[in-house]
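What follows is a short report on a single structure.
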Amino acid sequence: MFMRLKHIYLKHQFEPGFLGLFINPFYFARKGLCSGVRSFAGHLFGNILDIGCGKKPYKHFFVYEKYVGMDIEQSGHSHKNEDIDVYYDGRTFPFPDESFDCALSSQVFEHVFYPDGFIKEINRILKPNGMLLLTVPFVWDEHEQPYDFARYTSFALKHIFENNGFQIVEFNKSMNDVRVIFQIINAFIFKLTANSNSFWNLLMTFLFMAPFNILGEICSKILPKNDDLYLDNIILVRKIANA
């Protein structure tokens, strides 16, 4: 019974449904990311490299021949209970040129100190016309300190990709409405109240953060969107074959 409840809890941390309103302090951020990755998942196929894979929370969204998870050994969080196949040194991916059909990198790019080198490595290991699905925060607090280096506007991302041999296919600004405000409030409360006791954190979420989740959902149905203020960039790009 306990393991079943734990499984449900963990599922709603990365893929929140209705229950996530009450138990996930990052409900809006995770809901937006999950929706964005799922909507673009059909563009990825074949051999897929998950860069900064962690627990591979989105693996089941894809149809693939081979799914390889890669992460960096030195990071701002523990890799305990994660599902990592290959570690890399933060500079060079340990794969030959054109090894993969597609790649995913979710909430990793802000932790990369040399963004152009990182994108060039992705370009190198992708086959011609290979697809990359990348998510990166725009409005978010510092996290996984001290390995949090940047926030990117949509214009910066387009510039970086187009300068490194990629063509923009689709772009999504996640949670581009009042929910961004409620998510930042909850992130603030979480930082003030969180400790190592999971049951305490769950109680604090239910008592103090769930009301903001519910209120945010209601207000988002009434108030207009704002494309200039949003939580995350979700971008799908294609490697230019002759770049």
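Only one entry of Phe18, Phe93, Phe22 meets the criterion of being in a loop (DSSP other than H, G, I, E, B), on the phi < 0 side of the Ramachandran plot and open to solvent by 30 Å² or more (accessible area, probe 1.4 Å), and that entry is Phe18. Just name the residue that is nearest to Glu144 (Cα to Cα) out of those in region 75-90 that are in a loop (DSSP other than H, G, I, E, B) and open to solvent by 50 Å² or more (accessible area, probe 1.4 Å). Among residues in region 75-90 that are in a loop (DSSP other than H, G, I, E, B) and open to solvent by 50 Å² or more (accessible area, probe 1.4 Å), the one nearest to Glu144 (Cα to Cα) is His77. Name the single residue that is farthest from the chain's Cα centre (by Cα) among those in region 121-151 being open to solvent by less than 30 Å² (accessible area, probe 1.4 Å) and within 17 Å of Asn172 (Cβ to Cβ). The qualifying residue farthest from the chain's Cα centre (by Cα) is Met131. Please work out if Phe113 is over 13 Å from the mean Cα position of the chain (by Cα), open to solvent by 40 Å² or more (accessible area, probe 1.4 Å) and of a type outside the set (D, E, K, R). When the stated conditions are applied, Phe113 passes them.
Note on region 217-243: among residues that are β-branched (Val, Ile, Thr) and closer than 30 Å to Phe100 by Cβ, the one that is modelled with the lowest pLDDT is Ile240.
Residue count for region 156-173 under the criterion of being within 19 Å of the chain's Cα centre (by Cα) and either within 17 Å of Gly117 (Cα to Cα) or surrounded by fewer than 17 Cβ atoms within 10 Å (Cβ to Cβ) (or both): the result is 9. Of all residues in region 174-228, exactly one satisfies the criterion of being loosely packed, with under 15 Cβ neighbours inside 10 Å, farther than 21 Å from Gly17 by Cα and in contact with a helix residue (DSSP H, G or I) (Cβ under 6 Å, 6 or more places away or on another chain), namely Ala194.
Taken over region 25-47, the criterion of being in a helix (DSSP H, G or I), of a type outside the set (Ser, Thr, Tyr) and either open to solvent by less than 20 Å² (accessible area, probe 1.4 Å) or in contact with an Asp or Glu (Cβ under 7 Å, 6 or more places away or on another chain) (or both) is satisfied by Phe28, Ala29, Gly32, Leu33, Cys34, Gly36, Val37, Phe40, Ala41. Among the residues of region 229-243, those identified as of a type outside the set (A, V, I, L, M) and either buried (at least 21 other Cβ atoms within 10 Å of the Cβ) or assigned to a helix (DSSP H, G or I) (or both) are Tyr230, Asp232, Asn233, Lys239. In region 58-74, the condition of being open to solvent by 80 Å² or more (accessible area, probe 1.4 Å) and either β-branched (Val, Ile, Thr) or in contact with a Pro (Cβ under 6 Å, 6 or more places away or on another chain) (or both) is met by at least one residue.
Checking the stated criteria, Asp101 turns out not to satisfy the condition of being in a loop (DSSP other than H, G, I, E, B) and modelled with pLDDT of 95 or more.
The values are calculated or read from the model by the stated rules, or taken from the named source; none is laboratory data. Worth saying up front: this structure is predicted, and the values here are computed from it rather than measured. Don't worry about glycine lacking a Cβ; one is built from the backbone with ideal geometry, like all the others, and counts go over all protein chains shown. All accessible areas refer to the heavy atoms of the entire protein, side chains included, with ligands and DNA or RNA removed. Shrake-Rupley method; radii C 1.70, N 1.55, O 1.52, S 1.80 Å.
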